[in-house]
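Input: a single structure, listed below in C-alpha cells.
The values are calculated or read from the model by the stated rules, or taken from the named source; none is laboratory data. Everything numeric here is computed off the predicted structure, so don't read it as measured data. Glycine also receives a Cβ, built like all others from the backbone with ideal geometry; neighbour counts cover every protein chain displayed. With ligands, DNA and RNA removed, areas are computed over all heavy atoms of the protein, side chains included. Shrake-Rupley method; radii C 1.70, N 1.55, O 1.52, S 1.80 Å.
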Amino acid sequence: MSTQQTLEYPPGANFIDNQWMPSTGPRVNTLNPADSSDVVGVVPDSTSEDVESAILAAQRALPDWAATPAPARGDILRRWSELIGQKIEELAQLMTREMGKPLAESRGELGRARLELDYAAGEGTRLHGTTIPSRLPGLLVYTEREPIGVVGAITPWNFPAVAPMRKIAPALIYGNTVVLKPALETPLTALALAALLRDAGLPNGVLNVVTGRGSAIGAQIAADSRVAGVSFTGSTSVGRQVNLAVAERMGDVQLELGGKNAVYVHSAADLEHVVSEITAAAIQTTGQRCTSISRVIVARDIADEFVQLLSDRWNNLTVGRGTEEGTVVGPLVSDVQFDRVNGYVNQGLQEGAVRVTSDRAVPDGPYFPPTVLDHVTRDMTVAREEIFGPVLSVTRVNTVEEAIEIANDTDYGLAAAVFSEDIDVAMRFSRQANSGMIHINHGTTSQPHVPFGGHKDSGAGAFSIGHTNVEFFTRTKVVYLKPKAAGPEESKRRPDPA
Ligand code: NAD
C-alpha cells in the first residue's frame, strides 16, 4: 500500500458500527488484475459472527435513523458527495488498481456515483405521500412512506463504486440502515467510501460493510429474516438463489441481473458513427458491464460494410494497463474471467463463427484482444450466454421481423438498441423488444436519475435509480386520522363494516 494513502481500508477488518472491526476469518488478498504481484489490500473472508455483528449494529441504529427527518438525512449524503469529490483522484486510482478498468473510466464511474448520490439526497425533500378523500366527515386519510428496515445490499465486482452507491444512497435517504457485502474481487473502494460516509457524519451502525464469499455470508444475509429486503446485483443464477431465500421468509427483493443485449442496425446515414456508438457501449469496462452490447443484428444489405468498419475499429483499440494514458481496453478482472471469455470465443469458432478481428498480441496477464465474431447464428453459445468480455457477435438478417425475433430469442431482457433512419422501424423495435431499457439511435448508456432495470431473467422488483427506487426501499402505511375519538352518536352512524 502506498505510504501516501489517505483512504481507509485497513487490512483484515470489516466496517461495522463506524469502526474497523477485525475478523477472525481468513484473510484474502485483493490483487491488481494488471499485476498480480501488487497486493492492493487485504480483507476478511468474514465469518457468520461478523455478519451477526453487522446486522445487530444496523438494527440498533434503525429507530433513530428512521426518525431523523429525511431532509437532514439528505444533508449527510450531500456532505458525503463533497468528500468523494475531494478524494476522487485517489478513489479512481484505487478502483483501477483493484478492478483494472482504465483510469478515465474509474473517474467517470465516481462522477456517476456522485450524481446518483446527489439525486438520492434530494429525494429527502420529495418523500411524498397522498391524501385520500374520506367517506366520513372529520377524518383525514393519507398515506406515508416509511423505511422497510435493515437492507441487505450485495454487489458485483464490475462497478466497485456505482453498484454499492446505487443501493446505499437510496436505502439511507428513505431511512433504512444497511449491511453491504461487496464482491470479494473488488471490496476496497466500498470500504473506503464507507469511511468517508462516517466522516460526513453518518451515525454509528447506519452503514455496515462485511467482505467475504457470497456462498457463505451473502447467502447468510439473504436468509436472515431481520434483513427486511435484499437489493442484489449480479448474475442471474445467483440472483435466483437470493430470490428464493428471501421469498421463503417473505422479504422484499430488488434484483439487477445479467444481460445479453442486442443492437439492431437497420440503416444509417453515417455507419462510422453507429460503429462508434456500438463500440463504446460494448467495450466499456472491457465488456464486463451488464448493459454491454454483445450481439449485433445487422441488415444484410449493409452488413459487409458495417463489419469491415467494426473490425477496423476493434483492431485499433488500445489494450493495456488501466493506469496507462490512452488505454481503452484494460485487463479482465481475473484469470478466471479470462478463461471464461477465452472459452466462449473458442466455442464460438468451433460452432462455426468467423473471427474478423486479428488475434493480436496483448500484454501478459488477463488481457483479451477485442474480438468480433461474424456469421453467428442464434443457436450458437456465443449468441445465447453472457460472455462478459470484449467480444461482439454479428448476425445478419433479411427483415425487421427476423431482427426482432432474434433480439428477443434470449432469456435475458436488460437493454437493447436500434439504429434506423426509418422512425417506423425504430418504434416497432422499441415496442416489441422485450427489454427493460431501449435506446434508439444511440448506445446503451443510461443516465443517473433515470430508472434502470431489466425484464425476464435480467431483473425482478422495482427498477433502481431515479423515482422507482422508492417502491423497493419504502413501504406504504395508510393513516386514518381523527382529531378526537368518536362519540357514541357518531359511532352508530358508521356506514362501512370493514
Ligand atoms: P455474481 O452473481 O457471481 O456475484 C454477485 C455478488 O453476489 C457478489 O458479491 C457475490 O459474492 C455474491 N454471491 C455469490 N453467491 C451468492 C449467494 N449464494 N448468495 C448471496 N450472494 C452471493 O456476479 P459477479 O460475477 O460478481 O458479477 C457479474 C454479473 O453481474 C453479470 O452477470 C452482470 O451482468 C451482473 N450485473 C448486473 C447489473 C445490473 O444492474 N443488471 C450490473 C452489474 C453487473
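Keeping all protein chains in place, calculate the accessible area per residue for the chain (probe 1.4 angstrom), answer in Å². Working shown, then result.
Values: 20450 Å² over 498 residues.
Each residue of the chain exposes 41 Å² on average to a 1.4 Å probe.
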antiparallel share of DSSP beta bridges within the chain, to nearest 5, in %, is 40 percent
Partner lysines whose C-alpha sits under 28 Å from that of Lys181, ignoring same-chain residues fewer than 8 away, are Lys87, Lys101, Lys167, Lys260, Lys456
Subtracting the Cα-Cα distance of Asp422 and Val42 from 0.36 nm times their residue separation yields 131.4 nm
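Rounded to the nearest 5, what % of the DSSP beta bridges within segment 261-440 are antiparallel ones? Before the final figure, lay out the partial values.
Numbers: 2 of 24 bridges.
So the antiparallel bridges in segment 261-440 amount to around 10 percent.
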Applied in sequence order to segment 331-346, the curve 6.51 cos²θ - 1.76 cosθ + 1.60 (Karplus, θ = phi - 60°) yields integer Hz couplings, x standing for Gly and Pro, of x, 5, 5, 7, 5, 4, 5, 4, 4, 5, 5, 4, x, 5, 5, 4
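How large is the Rg to Rh ratio of segment 97-199 when both quantities use alpha carbon positions and Rh follows Kirkwood? Write out the running numbers ahead of the final one.
Details: Rg = 18.2 Å, Rh = 15.7 Å.
In segment 97-199, Rg relative to Rh is 1.16.
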For segment 1-144, averaging the sequence separation of alpha carbon pairs under 8 Å that lie six or more residues apart and dividing by its residue count, the contact order in percent is 20 percent
Output for segment 69-108 (equivalent-ellipsoid semi-axes, sqrt of 5λ from the C-alpha gyration tensor, Å, descending) is 27, 9, 7
Expressed in angstrom, Rg and Dmax over the Cα atoms of the chain are 24.5, 89
Across all Cα atoms of segment 261-440, Rg and the largest Cα-Cα distance (Dmax), in Å, are 15.4, 48
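Hey, if we sort Glu49, Glu325 by accessible area with the 1.4 Å probe, largest down, what's the order?
These residues rank, largest area first, as Glu325, Glu49.
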Along segment 115-127, Karplus-curve 3J(HN,Hα) (6.51, -1.76, 1.60; θ = phi - 60°) to the nearest Hz, with x for Gly and Pro, reads 5, 5, 5, 4, 4, 4, 4, x, 4, x, 9, 10, 7
Taking R0 as 25 Å and r as the Cβ-Cβ distance between Thr445 and Asn315, the FRET efficiency 1/(1 + (r/R0)^6), rounded to the nearest 0.05, comes to 0.60
Residue by residue through segment 426-437, the couplings from Karplus 6.51 cos²θ - 1.76 cosθ + 1.60 with θ = phi - 60°, in Hz, x for Gly and Pro, are 4, 5, 5, 4, 4, 6, 9, 6, 8, 9, x, 9
Two pseudo-spin positions, 7 Å from Cα along C-beta at His467 and at Glu8, lie apart in nanometres by 3.8 nm
Only helices counted: for the chain, with every DSSP H run of 4 or more residues adding -39500 (n - 2.57) and the sum spread over all residues, [θ] at 222 nm is -11500 deg cm²/dmol
With the 8 Å Cα cutoff and a minimum separation of six or more residues, the chain has a relative contact order in percent of 17 percent
Contour minus Cα-Cα span, Gln432 to Val478, at 0.36 nm per residue, comes to 12.8 nm
Which residues qualify? For Asn441, with a placed amide H closer than 5 Å and at least 5 residues away or on another chain, they are Val418, Phe419, Ser420
With Cα coordinates, the longest principal axis of the chain makes an angle with the long axis of helix 300-315, in degrees rounded to 10, of 90 degrees
So the carbon and sulfur contribution to the accessible area of the chain, 1.4 Å probe, in percent, is 51 percent
For Gln254, other-chain or 5+-apart residues with amide H closer than 5 Å (H placed, Pro excluded) are Val230, Ser231, Phe232
Taking R0 as 51 Å and r as the Cβ-Cβ distance between Asn346 and Tyr142, the FRET efficiency 1/(1 + (r/R0)^6), rounded to the nearest 0.05, comes to 0.25
Quick calc, Asn408 & Arg135: beta-carbon distance into FRET formula, R0 45 Å, rounding 0.05, result 0.45
